[in-house]
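See below for the structure under consideration.
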Amino acid sequence: MKRIKRTATAVALAASALLVSACSSGTTPETAENVADDRPIVNKENWPKKVPTSGLTKDLTLPLEAYMASYEDQVTVEQAANDLQQSCMKDYGIDLTLPRAGANPPPSDNDANIERRYGLTDRAEAEKYGYELPPALQEHTRQTMRDLSGVEVEVLTGHTKPEPLKAPEGAEKGESFVGPGQGVKPARAEYNGKKLKTGGCIGWSKDQLGVQEADPVMVAELAGDSLVESMKDDKVVKAVAAWSSCMDDKGHPGLADPYKAMDQGVTIDGKPSQESIALAVDDIDCKEQTDLVKIWFGVETAIQNKQITDNKSRLTGIKEQHGKEVAAARKQVAASAR
């Protein structure tokens with residue numbers, strides 16, 4: 001049997017749509033140059049559906065999803081910020097092309113990751129890919145960008161260019177590495193006769209859009225808590241036990257829960273084997289036979305409804321703030337397109 005790699009159960013709990021601007025996150029900025037194979041930079045056909053259209057989670061949405069940013073909205077905000085940053089840099093006499101947002105979509109629309117929240121749920125995909133993602137979601141559209149000079153980094157970020165770290169063993173020659181805050185100092189006061197903006201053009205772009213990055217973390221944390229709490233519920237415990245017994249009958253012993261099946265079924269090379277496909281199909285069939293997804297979703301829905309009641313004021317504020325950011329971003333994107 002093809003060697004199987006172990007993956008953390010935390011994958012099921014993790015947010016699948018964390019979208020961070022390449023420049024603001026400290027990773028290497030990339031732009032719309034040198035895209036391989038003539039593929040479109042942004043292909044919306046590969047974007048995740050807002051609500052699943054197939055499988056055991058078809059038409060299912062958890063209550064907290066109403067307070068989460070969709071992938072489309074995240075892309076809109078990021079693209080608007082990029083447009084503003086490019087305009088800001090131009091005001092200082094610097095031509096800079098930042099990456100197109102939405103080039104590498106995640107498998108799920110938001111932090112709920114509903115399609116795989118309770119393990120695999122789509123039989124048609126399982127028959128083709130086992131526990132792996134579809135090929136379109138495994139591809140990476142690379143967008144390269146020239147290295148920024150020190151002063152360009154200062155204008156963009158509001159701080160000096162991080163000092164390169166010593167390359168780790170095995171790294172390719174010429175490859176550079178930077179760590180967060182490595183040798184970073186406040187930027188110069190002005191450039192080309194213009195005062196630098198607080199936080200650089202990145203900070204300015206966020207101010208223009210009214211972006212507040214802390215609040216969405218609360219929603220993701222609540223969603224994580226609800227999943228953990230639901231796993232302790234008697235109805236879910238019994239349903240999982242029934243699923244495990246079903247899997248045992250199909251020749252897959254020792255699987256305590258669907259996450260263990262995911263751990264066992266993901267292959268090292270990302271290519272599904274006959275064994276992993278068979279495991280995935282049986283996994284989903286057992287979920288259907290035991291009503292596991294329906295039961296689990298029902299229990300977690302009740303938990304999240306209580307969470308919303310207990311945190312109504314703050315969640316309402318988060319939703320309103322998000323609406324303002326997206327509205328401002330859409331206006332900016334439309335203005336940039338003219």
- prompt: Which residue out of 54, 70 is within 17 Å of the chain's Cα centre (by Cα), of a type in the set (Gly, Ala, Ser) and surrounded by fewer than 21 Cβ atoms within 10 Å (Cβ to Cβ)?
  reply: 70
task: Would you mind telling me which numbered condition in (1) in a loop (DSSP other than H, G, I, E, B); (2) out of contact with any Gly (no Cβ under 6 Å at 6 or more places or on another chain); (3) modelled with pLDDT under 95 residue 272 fails?
output: (2)
message: Tell me yes or no: at least one residue of the stretch 265-288 is at positive phi, of a type in the set (Gly, Ala, Ser) and within 23 Å of the chain's Cα centre (by Cα).
response: yes
- prompt: Which residues, taken from the stretch 170-195, are at negative phi, at pLDDT 85 or above and either loosely packed, with under 11 Cβ neighbours inside 10 Å or not in a strand (DSSP E or B) (or both)?
  reply: 184, 185, 186, 187, 188, 189, 195
message: So, in the stretch 120-147, exactly how many residues are aliphatic (A, V, I, L, M), at pLDDT below 95 and not in a helix (DSSP H, G or I)?
response: 2
query: Could you count how many residues in the stretch 69-103 are at pLDDT 95 or above, in a loop (DSSP other than H, G, I, E, B) and within 30 Å of residue 261 (Cα to Cα)?
result: 1
- request: Name the residue, out of 277, 303, that is in a helix (DSSP H, G or I), touching a residue at least 24 places away in the same chain (Cβ under 8 Å) and under 11 Å from residue 130 (Cβ atoms).
  value: 277
- prompt: Looking at (1) touching a residue at least 40 places away in the same chain (Cβ under 8 Å); (2) more than 30 Å from residue 187 (Cβ to Cβ); (3) surrounded by fewer than 15 Cβ atoms within 10 Å (Cβ to Cβ), which is the one condition that is false for residue 134?
  reply: (1)
- prompt: Somewhere in the stretch 89-97, is a residue farther than 30 Å from residue 294 by Cα, free of Cβ contacts under 8 Å to residues at least 24 places away in the same chain, surrounded by fewer than 18 Cβ atoms within 10 Å (Cβ to Cβ) and not small (Gly, Ala, Ser)?
  reply: yes
query: Of 291, 310, 269, which residue is closer than 17 Å to residue 116 by Cα, surrounded by fewer than 19 Cβ atoms within 10 Å (Cβ to Cβ) and not small (Gly, Ala, Ser)?
result: 291
message: Given the criterion closer than 30 Å to residue 313 by Cβ, surrounded by 13 or more Cβ atoms within 10 Å (Cβ to Cβ), at pLDDT 95 or above and charged (D, E, K, R), identify the matching residue among 257, 225, 248, 215.
response: 225
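The values are calculated or read from the model by the stated rules, or taken from the named source; none is laboratory data. Please read these numbers as outputs of a predicted model, since none were measured by experiment. Virtual Cβ from ideal backbone geometry, glycine too; neighbours counted across all protein chains shown.
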